[in-house]
Structures are given as C-alpha cells and as structure tokens.
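Trainee: Here it is, the structure in full.
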C-alpha cells in the first residue's frame with residue numbers, strides 16, 4: 001500500500017509556488033510616476049474572449065443597416081425603368097444583389113451585437129432580395145412558359 005499523503009506539506013509547496021509567482025498586479029510593468037499622479041476615473045472593463053460589449057452607437061448602426069436593406073427591398077418592386085431586357089435589367093439585378101448584401105450585412109452586425117429583432121429584419125431583407133432576383137431569373141430560364149430574354153434582340 002501507499003503511505004498516507006501529508007497534505008500540510010503539499011499545501012505549503014503550493015503556497016510557495018503562488019508566492020513566487022506573485023499577484024497579477026505585481027507581474028505588470030511598473031507604472032511611471034506621471035501615471036500614478038493622474039486619478040483613475042473608472043476601472044477598465046474586463047472581458048472574457050468572445051464576449052462583445054454593445055454600445056448604443058452599435059445598436060443604432062445595426063438597425064440602420066437593417067432598415068437600409070428594407071428600404072431597398074420595398075423600393076425595387078417600384079422600379080421606374082423597363083426591366084424586360086438589356087442594360088436596365090442588369091442594373092435592376094445589381095440592385096437586387098445590393099439588397100441581398102444589405103440583408104447579409106445587417107444579419108452579421110445583428111449577430112455580433114446580439115440584436116435578435118434586427119437579425120430577423122435582416123433575414124427578411126435577404127429573403128426579399130432573393131425573391132426579387134428569383135422572379136427575374138425564372139422568367140428568363142426554361143422553367144417559364146413565356147420566356148423573356150437577358151439581352152434585347
């Protein structure tokens with residue numbers, strides 16, 4: 001059998017290792033005299049990895065992105081130019097790509113800053129953009145009964 005452990009001796013060794021390492025403040029470089037003279041207004045925020053601190057400005061930015069994409073998704077069905085074929089069709093498709101990108105951009109920002117409502121708004125913008133693009137693509141592929149053309153004849 002093994003001998004019983006001497007816990008007092010082992011704990012004393014652990015205390016020596018801790019004392020040798022010192023407290024975390026002792027490991028940091030010494031503060032300059034000019035720094036010590038300035039009063040500290042607040043303690044620095046201690047964050048664990050992967051935690052994002054959200055400010056009011058960040059929340060406003062996330063909602064701005066979501067509403068910008070929603071405005072584009074609402075405006076595209078009222079496209080004032082002909083989109084049957086040619087250049088204006090390609091400009092319209094760039095607009096739908098911009099709405100899709102705005103939806104992804106809003107969803108990414110909302111995910112980072114933990115804003116569920118803005119994330120759902122971004123998802124709806126993404127779905128609207130994909131839907132608007134799909135309508136034009138389907139009318140120009142073999143799936144549609146009356147096929148339109150990409151380039152005007």
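The values are calculated or read from the model by the stated rules, or taken from the named source; none is laboratory data. From a predicted model like this one, the values you see are computed outputs, not experimental measurements. Glycine gets a Cβ as well: all are built from the backbone with ideal geometry, and neighbour counts include every protein chain shown.
Trainee: Please indicate, with yes or no, whether at least one residue in region 126-147 is within 17 Å of the chain's Cα centre (by Cα), in a helix (DSSP H, G or I) and closer than 18 Å to residue 64 by Cα.
Mentor: yes
Trainee: Additional query: Would you mind stating whether residue 109 is part of a helix (DSSP H, G or I), exposed (fewer than 13 other Cβ atoms within 10 Å of the Cβ), under 20 Å from the mean Cα position of the chain (by Cα) and modelled with pLDDT of 90 or more?
Mentor: no
Trainee: Show the residue pairs that are 6+ apart or on different chains and have beta-carbon atoms under 7 Å apart, the first residue being within region 1-22 and in a helix (DSSP H, G or I), the second being exposed (fewer than 10 other Cβ atoms within 10 Å of the Cβ) and at pLDDT below 90.
Mentor: Final answer for the pair search is none.
Trainee: Further question on the same structure: Determine which member of the set 49, 33, 39 is farther than 22 Å from residue 149 by Cα, within 27 Å of the chain's Cα centre (by Cα) and at pLDDT below 85.
Mentor: 49
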